[in-house]
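The block underneath contains the structure these notes are about, expressed in structure tokens.
The values are calculated or read from the model by the stated rules, or taken from the named source; none is laboratory data. Note that the coordinates shown come from a computational prediction; the quantities given were computed from them, not determined experimentally. Every residue, glycine among them, receives a Cβ derived from its backbone with ideal geometry; neighbour counts consider all protein chains shown.
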Amino acid sequence: MNVVKVYNSGPTLVKQMIETELPEQALALWALGQEGFLVKWRSTTIVFDPYLTNWVYELSGPPWSRAFESPLQPADCLDVDFVVISHHHEDHMDKQTLQVIAKSAKTRFIAPKAHLPLLKEWGLRDEQLIGISHGQTVQLVDDVRIEAYAAKHEQFEQDEAGEHKFLGYAAMLGDLSLYHAGDTVGFPELVTWLQSKAIDIALLPINGRDFVRGSQGIIGNCNYREAVEIAVQIQADLVIPMHYGLFPHNDENPAYFVDYIQRYYPSKKFHMFAPGERFIYMK
């Protein structure tokens, strides 16, 4: 299986993360592939949806092979403060990655309450887990809190207790705010929930959906148009597309995102990541 090497990876990337120092009104993001991002603000580090192994391929075989190497290995993440999980699909809630990071005495895991029983089956301990529900806010540390919003991975899904299985998250870091959508399509309530949050950075999926992928059991997301329109309607300062490039059969050409935003919203700021790249945002 041939995979492309990434922009930055391994010990070099870990060293860069540790040594990155930021002014008060700035945060750093590293793209880890799919919807995986590492965020650093002051000395706090948060990883969203890390898929750092090849577990999907090991479970399902072709065509689920990675198009590029993981910029980090799970053991590289033992010093992160928080891991945030949007939902239980293997490229977002990666058993092999989470079991390794859970060896850390430091890291806490934020996940939909619907998935806590499975995480405990995988060996994560009660004291490591923070369950969260739609509409709930959790204070992580001083000046850092996270708010959960239901996502439609084509549809809302809830467990028997009414807990949403798919969530997106608004992370409030001092005066900065970042929204990680998880897997979702666009829907009016999402815009309403986020419009008052003064989102600085919106990370939104763009791989879309269609009947061919649906017939293969692949659940879809926003397409590039929806992602841009959501970012515009919530007045996000910067939009970052995600969920593309890793699995060629469930993908979208990010050039369409660039073309659409340049054609219709040329003043809207956006950033396209190379896997392993660092980006520093200053307010």
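Going by the conditions given, is LEU52 buried (at least 22 other Cβ atoms within 10 Å of the Cβ), of a type in the set (A, V, I, L, M, F, W, C), farther than 19 Å from ASP251 by Cβ and in contact (Cβ under 8 Å) with a residue 60 or more places away in the chain? No, not satisfied. Residues that are at negative phi and touching a His at 6+ places or on another chain (Cβ under 7 Å) within segment 1-36 comprise just one, GLU35.
Just checking, does segment 129-152 include any residue being under 25 Å from GLU90 (Cβ atoms), basic (Lys, Arg), assigned to a loop (DSSP other than H, G, I, E, B) and out of contact with any Ser or Thr (no Cβ under 9 Å at 6 or more places or on another chain)? No, segment 129-152 contains no residue that is under 25 Å from GLU90 (Cβ atoms), basic (Lys, Arg), assigned to a loop (DSSP other than H, G, I, E, B) and out of contact with any Ser or Thr (no Cβ under 9 Å at 6 or more places or on another chain). The set of residues from segment 50-70 being assigned to a loop (DSSP other than H, G, I, E, B) and under 19 Å from ALA102 (Cα atoms) comprises PRO50, TYR51, LEU52, THR53, ASN54, SER70.
Screening PHE270 against (1) out of contact with any Ser or Thr (no Cβ under 9 Å at 6 or more places or on another chain); (2) within 18 Å of HIS153 (Cα to Cα) leaves a single unmet condition, (2). Only residues that are surrounded by fewer than 18 Cβ atoms within 10 Å (Cβ to Cβ) and closer than 21 Å to LEU167 by Cβ were counted across segment 96-107, and they come to 0. Among the conditions (1) at pLDDT 95 or above; (2) more than 19 Å from the chain's Cα centre (by Cα); (3) of a type in the set (Asp, Glu), GLU24 misses just one, which is (1). A search for C-beta distances below 6 Å between a residue of segment 86-97 that is closer than 13 Å to THR184 by Cα and at pLDDT below 95 and any residue that is of a type in the set (Lys, Arg) and crowded, with 21+ Cβ neighbours inside 10 Å, counting only pairs 6+ apart in sequence or on different chains, returns nothing. Against the condition closer than 15 Å to HIS92 by Cβ, touching a Gly at 6+ places or on another chain (Cβ under 6 Å) and crowded, with 19+ Cβ neighbours inside 10 Å, how does ALA114 come out, does it pass? Here the answer is no, as ALA114 does not meet what is asked.
So if I check each of ILE18, ILE46, which one is under 26 Å from PHE279 (Cβ atoms) and surrounded by 22 or more Cβ atoms within 10 Å (Cβ to Cβ)? First the steps, then the outcome.
Numbers: ILE18 fails: surrounded by 22 or more Cβ atoms within 10 Å (Cβ to Cβ).
Matching residue, one of ILE18, ILE46: ILE46.
Every residue in segment 173-202 that is in a strand (DSSP E or B), under 21 Å from HIS87 (Cβ atoms) and in contact with a Lys or Arg (Cβ under 8 Å, 6 or more places away or on another chain), please. Can you show your working first?
Here is the first cut: in segment 173-202, the residues in a strand (DSSP E or B) are 173, 176-180, 201-202.
With the extra rule that they be under 21 Å from HIS87 (Cβ atoms), the set shrinks to 178-180, 201-202.
Within segment 173-202, TYR179 is the sole residue that qualifies.
Going residue by residue through segment 38-49, is there one that turns out to be part of a loop (DSSP other than H, G, I, E, B), of a type in the set (Gly, Ala, Ser) and under 18 Å from the mean Cα position of the chain (by Cα)? Within segment 38-49, not a single residue is part of a loop (DSSP other than H, G, I, E, B), of a type in the set (Gly, Ala, Ser) and under 18 Å from the mean Cα position of the chain (by Cα).
Just wondering, is there one or more residues in segment 45-60 that are touching a strand residue (DSSP E or B) at 6+ places or on another chain (Cβ under 6 Å) and farther than 18 Å from HIS87 by Cα?
Here is the first cut: in segment 45-60, the residues touching a strand residue (DSSP E or B) at 6+ places or on another chain (Cβ under 6 Å) are 46-51.
Okay, now just the ones that are also farther than 18 Å from HIS87 by Cα, so none.
Checked segment 45-60: no residue is touching a strand residue (DSSP E or B) at 6+ places or on another chain (Cβ under 6 Å) and farther than 18 Å from HIS87 by Cα.
Determine which member of the set ASP237, ASP251, ASP183 is farther than 23 Å from MET17 by Cα, in contact (Cβ under 8 Å) with a residue 12 or more places away in the chain, of a type in the set (D, E, K, R) and buried (at least 21 other Cβ atoms within 10 Å of the Cβ).
Numbers: ASP237 fails: buried (at least 21 other Cβ atoms within 10 Å of the Cβ); ASP251 fails: buried (at least 21 other Cβ atoms within 10 Å of the Cβ).
ASP183 is the lone residue from the list that is farther than 23 Å from MET17 by Cα, in contact (Cβ under 8 Å) with a residue 12 or more places away in the chain, of a type in the set (D, E, K, R) and buried (at least 21 other Cβ atoms within 10 Å of the Cβ).
Quick check, is GLU58 charged (D, E, K, R), on the phi < 0 side of the Ramachandran plot and in contact (Cβ under 8 Å) with a residue 40 or more places away in the chain?
On the way: charged (D, E, K, R): yes; on the phi < 0 side of the Ramachandran plot: yes; in contact (Cβ under 8 Å) with a residue 40 or more places away in the chain: no.
No: the conditions fail for GLU58.
So in segment 208-226, with the set limited to residues that are assigned to a helix (DSSP H, G or I), at pLDDT 95 or above and not aromatic (Phe, Trp, Tyr), which one is farthest from TYR256 (Cα to Cα)? Step through it out loud before you land on a result.
The initial filter retains those residues of segment 208-226 that are assigned to a helix (DSSP H, G or I), namely 211-215, 224-226.
Filter once more, keeping what is at pLDDT 95 or above: 224-226.
Then keep just the ones that are not aromatic (Phe, Trp, Tyr); that gives 225-226.
Numbers: ARG225: 9, GLU226: 12 Å.
Only one residue fits best here, namely GLU226.
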